[in-house]
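Below is one structure, written out as structure tokens; the observations come after it.
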Amino acid sequence: MRKKPNHISFSTSSTQDTIFKPRLLQLECHFTWALNKNDADLTDLLNRLEEQLNLDLGGEAGVARAHSYMGFVKFLLGSNTEALSNFERSVELTKSHGNDCDKLLVVAYGDLAWLYYHMGNFTECESYLSKLSEIKVKYPSVPYAEVLGEKGWTLLKFSRKYYERAKECFKKALELEPEEGEWNSGLAIVLYRLEYILQESAASNETSTENSIDQLRRAIATNPDDDVLKVLLALRLAAHKKRNEAESLVEEALESSPEHPHVIRYVAKFLRNQGSVDRSIALLKRALEKVTNAAFIHHQLGLSYKKKIQNLRFAGSHHKKGAEIKQAQEQCIYHLEMATELKTGFILAMSDLALQYGAKRDMQRAEEMFQNTFQTAKERNEGCQYVHLCYAEFQQYSMKCEPAAIKHYTECLTLNPKTCHGKKSAGSLKKIAKRRIENNPEDGEAFGILGIIHKEQGEKQQAIECFEKALSCEDNEDYLSHLCELQISIQ
């Protein structure tokens, strides 16, 4: 028997399955888009949808979409009554667009057909299937850009694992309607997010950054009042060393939308990156007054306080700054704790929080948090490299255990030497190795560390020389194995 997907629970009779199932599976809606609830944090998703509805973000179309999405999340959480209410509200809002809204109703009608099927109300299920058949007769040319766009937004919000799928949906929608602002905006946002992930997971390249910038410009041209897009473009431009244009866009967006929480949070991120930490903190706190349950904003505040702590330590006497550092540290921990509470499995925030516990000398709590984070990263198969980097720093600076630090810096490096995390680990390992060689020119392990760095960075000849030097100082099977592998590879 074919295994049923874990995102939908079937409880109907086999007879009804035979009658309705083939027709339902052909629909385009949340129930058929392979949205695996294990790929998302449903509580965090619910908070974000409630935020969108409370703040009335995205206009009528965005609010209708949020109700449709909310209905599906409520279904996943086992609340069919609330699901039905949201789906019906989505239909009501969509119909308010006017008579020419049939294509916009396809997803909501499909959701209602599926929900009534699960509730055992087959009369209503049939009614919505009939409505969808009428739309198909009226508009036989499929797919509809409206449905592709709706699917793109759904995938974009559900999980970062679905970003590539979301990108393809927006591209297909734009092939049908090239000047539609919503689809241009969706594609710009997903490209921005994919490139942000690329910075974490691999070396960014010129082409990908330019593609993002170009699409953000197109999106702004079709959505001239969307200040979130302007700040996202500013962040990409700043990463591309185009600071003047970036600062101009940020000022324009902040002047036009001074209370928009999404504008504020991205402007705050921009300011922190540019060194204006206190202004970043002030803006994020203002955003938090409007959206108290935003894990992202709490995490950004945590990162801003982390940066402030670093600045204070570099600014002068530790004794003079001690009280200020302690206060910033408490705020950093508070906001990181809030981020991890609001979004379970928030690996970046969990890693940062564990590091802060270590800096506060709460070693047991730090170790427990790190082990929990390692487990979560392993189960989700994401974020492992960052956890290794943070744990290495914890071992080096809080625990003063250099062997463990070396082990985890090396783990981080070998996972991907081209990422910012891999490069940072390589830098830390290099400093450790060079310091040890200065103290002892015959330190075999230090030369072995340099050999591993050169090998991972593709510098084979330098790696061979380091492993040969390491082996001249001590016998080590691992170094010998690396050396043999490298010598064979260059023959």
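The values are calculated or read from the model by the stated rules, or taken from the named source; none is laboratory data. Note that this is a predicted model, so its numbers are computed, not measured. Note that each Cβ is placed from the backbone with ideal geometry, even for glycine, and that neighbours are counted across all protein chains shown. Note: accessible area is taken over every heavy atom of the protein model, side chains too, but ligands, DNA and RNA are not part of it. Shrake-Rupley method; radii C 1.70, N 1.55, O 1.52, S 1.80 Å.
Some observations on this one:
- Diagonalising the gyration tensor over the Cα atoms of the range 114-180 and scaling each eigenvalue by 5 before taking the square root yields semi-axes of 27, 19, 6 Å, largest first.
- Set of the range 420-462 residues, backbone N closer than 13 Å to the point 7 Å along the Cα-Cβ line of Glu402: 429-447, 449
- Globularity ratio of the range 41-181, using Cα Rg and 2.2 N^0.38 Å: 1.03
- Counting only heavy atoms of the protein chains and using a 1.4 Å probe, Arg160 has close to 100 Å² of accessible surface.
- Label-reachable residues, the range 70-93, where backbone N falls under 19 Å from a point 7 Å from Arg23's Cα toward its Cβ: none
- Applying the Karplus relation 6.51 cos²θ - 1.76 cosθ + 1.60 with θ = phi - 60° to the range 260-276 yields 3J(HN,Hα) values of 6, x, 6, 4, 4, 5, 6, 5, 4, 5, 4, 4, 4, 4, 8, x, 8 Hz, where x marks Gly and Pro.
- Net length gained if the chain between Asn121 and Ser256 were fully extended (0.36 nm per residue, minus Cα distance): 43.7 nm
- Where labels lie 7 Å past Cα in the beta-carbon direction, separation of Val137 and Glu474 in nm: 8.2
- Distant alpha-carbon pairs in the chain (separation over 34 angstrom), percent: 47
- With a 1.4 Å probe rolled over the protein heavy atoms of all chains, the accessible area of Asp352, Asp226 falls in the order Asp226, Asp352, largest first.
- FRET efficiency for Asn273 and Arg160, using Cβ-Cβ distance with R0 set to 25 Å, rounded to 0.05: 0.75
- For the range 342-437, accessible area per residue (1.4 Å probe, heavy atoms of protein chains only), Å²: 46
- Within the same chain, lysines fewer than 8 places from Lys131 are excluded, and of the rest, those with a Cα less than 24 Å from its Cα are Lys21, Lys74, Lys95, Lys103, Lys151.
- For the range 340-491, fraction of C-alpha pairs farther apart than 26 Å, in %: 32
- Residues in the range 256-308 average 38 Å² of solvent-accessible surface per residue, probe 1.4 Å, ligands and nucleic acids excluded.
- The equivalent ellipsoid that matches the C-alpha gyration tensor of the range 259-320 spans semi-axes of 24, 11, 8 angstrom, in descending order.
- Using the average count of surrounding beta-carbon atoms within 10 Å as a protection proxy, the listed peptides 165-172, 134-141 rank, highest first, as 165-172, 134-141.
- The distance between label points at Glu379 and Ala221 comes to 4.7 nm (points 7 Å beyond Cα on the Cα→Cβ vector).
- The residue among Ser257, Phe270, Leu24 whose Cα reaches farthest toward the positive pole of the charge dipole of the chain, with charges on the beta-carbon of Lys, Arg, Asp and Glu, is Phe270.
- Efficiency of FRET from Cβ geometry, Glu368 and Glu177, R₀ 60 Å, rounded to 0.05: 0.70
- The alpha-carbon of Lys290 sits under 19 angstrom from the alpha-carbons of these lysines, leaving out residues fewer than 8 places away in its chain: Lys269, Lys343.
- Cross-linked pairs Lys306/Lys455; Lys307/Lys423; Lys321/Lys407: Cα-Cα separations exceed 23 Å for Lys306/Lys455; Lys321/Lys407.
- The alpha carbon radius of gyration of the range 262-370, expressed as a multiple of 2.2 N^0.38 Å, is 1.05.
- For the range 318-419, diffusion coefficient by Stokes-Einstein and Kirkwood Rh (Cα), 25 °C, 0.890 mPa s, µm²/s: 174
- Taking chymotrypsin sites (Phe, Trp or Tyr not before Pro) across the range 421-491, none is in a DSSP loop with at most 12 further Cβ atoms lying within 10 angstrom of its Cβ.
- Gain in span if fully extended, Lys95 to Arg286, counting 0.36 nm per residue against the direct Cα distance: 65.2 nm
- Each of the peptides 305-313, 110-118, 17-25, 357-365 was scored by the mean count of other Cβ atoms within 10 Å over its residues; in descending order, highest first, they stand as 110-118, 305-313, 357-365, 17-25.
- The heavy atoms of Val250 offer some 10 square angstrom of accessible surface to a 1.4 angstrom probe.
- The range 145-203 and the range 389-425: distance between their alpha carbon centers, rounded to Å: 34
- Those aspartates and glutamates that a straight Cα-Cα span of less than 12 Å connects to Lys469, excepting residues fewer than 8 apart in one chain: Glu442, Asp443, Glu445
- Accessible-area composition of the chain, carbon plus sulfur, in percent [1.4 Å probe]: 48
- Mean shadow area of the range 401-457, taken as a quarter of the surface of its Cα convex hull (nm²): 3.4
- In terms of packing, defined here as the mean over residues of other Cβ atoms within 10 angstrom, the peptides 454-460, 420-426, 264-270 line up highest first as 264-270, 420-426, 454-460.
- Summed residue charge, Cβ within 12 Å of Asn311's Cβ, Lys/Arg positive, Asp/Glu negative: +4
- Under 13 Å from the Glu82 label point (7 Å along Cα→beta-carbon), backbone N, the range 29-53: 42-51
- Shown are Glu251, Glu124, whose ranking by accessible area with a 1.4 Å probe and every protein chain present, most to least, is Glu251, Glu124.
- The chain, helix-only ellipticity at 222 nm - DSSP H runs n ≥ 4, -39,500 (n - 2.57), divided by all residues, nearest 500: -25000 deg cm²/dmol
- Remark: the Thr43-Arg313 segment gains 93.5 nm on full extension, using 0.36 nm per residue and subtracting the alpha carbon distance.
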